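**Student:** Quick one: the structure is below, and I'll ask about it shortly.
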Amino acid sequence: MRPSPARWLNILVPVKRAVDYAVKIRVNPQQTGVDMNVKHSMNPFDEIAIEEAVRIRERLPKGSEPLTITALTIGPPKSVETLRTALAMGADNAIHVEIPESAPAPEPLGVAKAIRAIIDKQKEKENVDMVILGKQAIDDDLGQTGQMLAGLLGWGQATYASKVELDLEQRNAVVTREIDGGLEQVRVRFPMIVTTDLRLNEPRYASLPNIMKAKKKPVTKLTPADLGVSFEPQMEVLKVTEPPKRVGGAKVDSVDELVEKLKAAGFTAV
Amino acid sequence: MLRTFIRISPSSLRLTRPIRRCAQRSYATSYISPSSRYETYHGGQIKTYYNSTLTGLSPAENEFREAVWEFSARVVQPKVAAIEREGGDTETHEYKTLVEVHKEMAEMGLHGVTVPTEDLTSSLGLGLSYTHHLLAMEAISYSSASLALSYGAHSNLCVNQLSRWGSDEQRAQWIPGLLDGTYIGALAMSETGAGSDVLGSMRTVAKKVDDGYVLNGNKFWITNGPKADVFIVYARDVVEPGAKQTFTTFLVPRTTPGFSTGKPLDKFGMRGSPTCELIFEDVFLPSTAVLGDPASLQGKGAKVLMSGLDLERLVLSGGPLGIMQAAYDTAVEYVHQREQFGVPVATIGSMQAKLADMYTKVNTARTFVYAVARAVDGHNAEAQIQGLGPKDKGYTYPPFQRRDCAAAIMYATDKAIEVAMECMQCLGGNGYINDYPAARYLADARLYAVGAGTQEVRRWLIGREVNSDFE
């Protein structure tokens, strides 16, 4: 007898509105941060996450149960643009946890707790099987949210994914991870956390018909109070400066001189 | 309905007031607050000084604009060199990259911007306004003016005319393929002997025979000629001596026996866009090839032609606008990097004057063209509310449309050529080398002075329109 087909798969993809990667950022005069009055767009790793979710749907064998992709963002009112991009790329619905424009950017622990609260809320209707996140946001480069979420939920995690192969019958996935030594393969059971690395896929550009269709897709608005979480910062930014300007090096005439200079600079043999 | 937040204080990050925006397109302009004081980025490949505070676009239109600029940056920019190079290939004439990008533009949904979505023949029509088409044209033209010209000829000259005038069968047969990238379309009006005097000097003749027509003649300077699969062709009818000269519009597939194309023309600019002569030697066309319903549109070719020209001029105005912005961006970056006499040359008085003139020309031309587009769309929207289309009896032709559309492209072209010329000057010796894009901008801009009508004809037309106010 054939095994029963997998039931609906629910994928949650948190996305972040960050300063566009092409912008030449400048430190603000108060040295507390960078000039934020610049072009913003979806964090590139989050684009890869949405793209992977959409590709998972496209790879499902014909006749499979449908898959729901929910995009989620935590941010000021403007962040809804990022959700629309996600919807235009193929997400089915979106959740916007709105915080005031003047509020400080949420930190990974706060974000992870909020995502956990949303997953718990969703349990009432259907379970989330997979959360795909970008490995890090390009504005803070913290790279903690996925791992913290896995810890809070007690779920398996496969981070820095460069390939994801699902096995719906077995309810697990084999994920190839990019690590310092090369590539590592892990098998993770559902429900799981995946964080995307650069080489996982190349995100599609949202086509105009899809952008127009995205306007009709539902966006649910929530507040931190609805979720029972607070985004009170745990960290305080003391100072932000540009990296020191590169100074020229010096030419040496021999290897001995090089070794002398290295010793004088405090480098010792390992 | 989603709430859209619009910043009303021009300075930094302060609390904004929510304003409910009507989903329906209206005349209302809105202040698009800039995300940056100076430059903005698209798709990681384009850095531009496009001033979005002056455009008067609605937030929805601005979203559309950002989407097409993103496409232009991510998809078109990397292929610009290949498009130009293949256009100059006098041996094989394959235009491989152009055809590739044509398909990618189809996936993006760019070919049917003005084709109604309820058009039962295709699902890729977006049913948007001419402002949107103009924005798309400008975005593509910024990266590659050649590609934009081919795109404009395909999506406006061919697809839009077919969508407006074609019969149900013709639309069903051609629109899906034209919108999804399978077919390339073209429009054939001009001849070697019929340019400005296109109707009076036309020599391509359509003779009525038993079950159709026989076409004989040539068309010249036809954009997309070498690659198009279907052509909208205007021909002179054979009439009784002394009777009024009429014209008819035909839909001619490339495969029709007797039809052939000449060698692609070697052009000064717009080299990436394929152009050639069309040859008709006893080409037999069935009556179903008459564009639209033969009963009502046979002999009405002039009306079809003239009605399309305004919209063609309006949408093609996006061409010079895109070139102009690209020329300005190139020049302004260059002169701030190049140092002579110990300072960036941009800070020298004579250069500052150039930048000021270029900046002002770009923005005045754009603001005017966008305003004309808004007026045209406004009239169309009103006519739609009354349920009238250009084919209907009660349709009133908007009094200023003809002169405004002509003025839009006339002004944009003049300014684009001036700005491109100055861009070449700003780059100094480097403006003269083809490693830099200045020469290409100038050569491409120059086309619009003769393509889609000459500057002289546009001036004559506006003058004539003004004269008619006093008749």
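Every number here is computed from the coordinates shown, using simple stated rules; none is lab data. Bear in mind that the values here come from a model prediction, so they are computed numbers and not experimental data. FYI the Cβ positions are ideal-geometry reconstructions off the backbone, even for glycines, and counts take in every protein chain you see.
**Student:** Could you derive backbone 3J(HN,Hα) for segment B:245-262 from the dihedral phi with the Karplus parameters 6.51, -1.76 and 1.60 (θ = phi - 60°), listing whole Hz in sequence and x where the residue is Gly or Pro?
**Tutor:** 6, 10, 10, 10, 9, 10, 10, 10, x, 4, 6, 4, x, x, 9, 8, 10, x
**Student:** Find which of B:Met202, B:Ala356, B:Trp174 sits farthest along the positive direction of the dipole of the protein assembly as shown, computed with +1 on the beta-carbon of Lys and Arg, -1 on that of Asp and Glu, about the Cα centre.
**Tutor:** B:Ala356
**Student:** Say R0 is 22 Å: what FRET efficiency, to the nearest 0.05, do A:Asp167 and A:Lys123 get from their beta-carbon distance?
**Tutor:** It comes out at approximately 0.40.
**Student:** Given an 8 Å cut-off on Cα distances and at least 6 residues of separation, report the relative contact order of chain B as a percent.
**Tutor:** Computed over chain B, the figure is 13 percent.
**Student:** Rounded to the nearest 20 debye, what is the charge dipole size of segment A:18-116 about its Cα centre when +1 sits on each Lys and Arg Cβ and -1 on each Asp and Glu Cβ?
**Tutor:** Rounded to the nearest 20 debye, it is 100 debye.
**Student:** With an 8 Å Cα cut-off and a minimum separation of 6 or more residues, compute the relative contact order for segment A:120-270 in percent.
**Tutor:** 19
**Student:** Same structure, new question: How many angstrom separate the Cα center of segment B:173-242 from the Cα center of segment B:430-471?
**Tutor:** Answer, in whole Å: 24.
**Student:** Putting +1 on Lys and Arg Cβ atoms and -1 on Asp and Glu Cβ atoms, find which of B:Ala407, B:Pro294, B:Ala439 reaches farthest to the positive end of the dipole of chain B.
**Tutor:** Going by the charge dipole, the pick is B:Ala407.
**Student:** Tabulate in residue order the Karplus-calculated ³J(HN,Hα) for segment A:187-198, using 6.51 cos²θ - 1.76 cosθ + 1.60 with θ = phi - 60°, rounded to whole Hz; enter x for Gly and Pro.
**Tutor:** 10, 10, 8, 6, x, 9, 10, 10, 10, 8, 10, 4
**Student:** Measure out, as a whole number of angstrom, how far apart the alpha-carbon centroids of segment B:347-423 and segment B:44-114 sit.
**Tutor:** 20
**Student:** Can you list which of the trypsin sites (Lys or Arg not before Pro) found in segment B:350-441 are DSSP loop residues with at most 11 other C-beta atoms within 10 Å?
**Tutor:** Those that pass, being in a loop and sparsely packed, are B:Lys393.
**Student:** Hey, another quick one. Which whole-Hz couplings ³J(HN,Hα) result when phi for each residue of segment B:313-324 is put into the Karplus expression 6.51 cos²θ - 1.76 cosθ + 1.60, θ = phi - 60°, listed in order with x for Gly and Pro?
**Tutor:** Karplus values, whole Hz, x for Gly and Pro: 4, 5, 5, 5, 4, x, x, x, 4, x, 4, 4.
**Student:** I'd like the mean, over residues of A:36-45, of how many other protein chain beta carbons sit within 10 Å of each residue's own Cβ.
**Tutor:** Per residue, the number of nearby Cβ atoms from other chains is 4 on average.
**Student:** Could you tell me the relative contact order of segment A:126-188? Use alpha-carbon pairs under 8 Å, at least six residues apart, and round to a whole percent.
**Tutor:** Averaging sequence separation for qualifying contacts and normalising by length gives 20 percent for segment A:126-188.
**Student:** May I ask you to sort B:His133, A:His40, B:His336, B:His111 by Cβ crowding, counting other Cβ atoms within 10 Å and putting the fewest first?
**Tutor:** Neighbour counts put them in this order, fewest first: B:His336, A:His40, B:His133, B:His111.
**Student:** Expressed in whole Å with the largest first, what are the equivalent ellipsoid semi-axes of the protein assembly as shown derived from the C-alpha gyration tensor as the square root of 5 times each eigenvalue?
**Tutor:** Over the Cα atoms of the protein assembly as shown, the semi-axes work out to 51, 33, 26 Å.
**Student:** Out of the trypsin sites (Lys or Arg not before Pro) in segment B:219-326, which ones are loop residues according to DSSP with at most 13 other C-beta atoms within 10 Å?
**Tutor:** Filter output for segment B:219-326: B:Lys244.
**Student:** Ok, one more. Restricting the count to DSSP beta bridges whose residues both fall in chain B, what percent are antiparallel, rounded to a multiple of 5?
**Tutor:** Counting only bridges with both partners in chain B, antiparallel ones make up about 85 percent.
**Student:** Going through the DSSP H helices of chain A, which span 15 Å or more along their own axis at the Cα atoms while scoring at least -1.0 as a mean Kyte-Doolittle hydropathy?
**Tutor:** Helices meeting the span and hydropathy rule in chain A are A:44-59, A:108-122.
**Student:** How large is the charge dipole for chain B, taken about the Cα centre, if only the Cβ atoms of Lys, Arg (+1) and Asp, Glu (-1) carry charge, to the nearest 20 debye?
**Tutor:** Once rounded to the nearest 20, the dipole reads 1200 debye.
**Student:** Oh, and also: What does the helix-only formula give at 222 nm for chain A: each DSSP H stretch with n ≥ 4 adding -39500 (n - 2.57), the total divided by the residues, and the result rounded to the nearest 500 deg cm²/dmol?
**Tutor:** Counting only the DSSP helices, I get -8000 deg cm²/dmol.
**Student:** Quote to one decimal, in nm, the extra length available between B:Tyr359 and B:Thr396 on full extension: 0.36 nm per residue of separation minus the C-alpha distance between them.
**Tutor:** Extra length from B:Tyr359 to B:Thr396 when fully extended: 9.5 nm.
**Student:** Let me ask another. Amide H of A:Val34 versus every other amide H placed in the peptide plane: which residues, excluding those fewer than 5 positions away on the same chain, fall under 5 Å?
**Tutor:** A:Asn28
**Student:** Would you calculate the separation in nanometres between label points at B:Ser201 and A:Lys216, each defined as 7 Å from the Cα along the Cα-to-beta-carbon direction?
**Tutor:** Computed distance between label sites B:Ser201 and A:Lys216 equals 5.1 nm.
**Student:** Further question: Using the structure shown, list the pairs from A:Lys78/A:Lys213; B:Lys79/B:Lys267; A:Lys62/A:Lys163; B:Lys267/B:Lys303; A:Lys135/A:Lys245 with a Cα-Cα distance above 24 Å, or answer none.
**Tutor:** Violating the 24 Å limit, Cα to Cα: B:Lys267/B:Lys303; A:Lys135/A:Lys245.
**Student:** Assuming R0 = 51 Å, can you tell me the calculated FRET efficiency for the pair B:Ser296 and B:Asp266, based on Cβ-Cβ distance, to the nearest 0.05?
**Tutor:** Efficiency, from the Cβ-Cβ distance: 0.75.
**Student:** If you don't mind, another one. So for B:Lys207, B:Lys79, fewest C-beta neighbours within 10 Å to most, what's the order?
**Tutor:** Listed from fewest to most nearby Cβ atoms, that is B:Lys207, B:Lys79.
**Student:** In addition: What nm distance separates the two modelled labels at B:Thr288 and A:Arg189, each placed 7 Å from Cα along Cα→Cβ?
**Tutor:** Label-label distance for B:Thr288 and A:Arg189, simple model: 6.4 nm.
**Student:** Okay, which of segment A:224-246 sit inside 20 Å, backbone N to the point 7 Å along the Cα-Cβ direction of A:Asp141?
**Tutor:** Correct set: A:235-246.
**Student:** Sticking with this one: State which stretch of chain A is the longest one without any exposed trypsin sites (Lys or Arg not before Pro), exposure meaning a DSSP loop state and at most 13 other Cβ atoms within 10 Å.
**Tutor:** Of all site-free stretches, the longest is A:126-215.
**Student:** What does the average come to when, for each residue of peptide A:18-27, you count the partner chain Cβ atoms lying within 10 Å of its Cβ?
**Tutor:** The per-residue average across the peptide is 3.
**Student:** Would you mind checking which residues have amide H under 5 Å from B:Leu57's amide H? H placed 1.01 Å from N; only 5 or more apart, or other chain.
**Tutor:** B:Ser30
**Student:** Let me ask something else about it. Can you give me the distance in nm between label points at B:Gln337 and B:Asp469, each placed 7 Å from the Cα along the Cα-to-Cβ direction?
**Tutor:** According to this spin-label approximation, the distance is 4.7 nm.
**Student:** May I ask you to compute the full-extension gain from A:Asp226 to A:Phe267, defined as 0.36 nm times their residue separation minus their alpha-carbon distance, rounded to one decimal in nm?
**Tutor:** Result for the pair: 9.3 nm of gain on full extension.
**Student:** Now, a different point. Shielding by partners for A:208-220, please: the mean number of other protein chain Cβ atoms within 10 Å of each residue's Cβ.
**Tutor:** 4
**Student:** Moving to a separate point now. Could you please rank B:Trp221, A:Trp8, placing first whichever residue has the fewest other Cβ atoms within 10 Å of its Cβ?
**Tutor:** Listed from fewest to most nearby Cβ atoms, that is A:Trp8, B:Trp221.
**Student:** About the Cα centre, and with charges only on the beta carbon of Lys, Arg (+1) and Asp, Glu (-1), how big is the dipole of the protein assembly as shown? Nearest 20 debye, please.
**Tutor:** 1240
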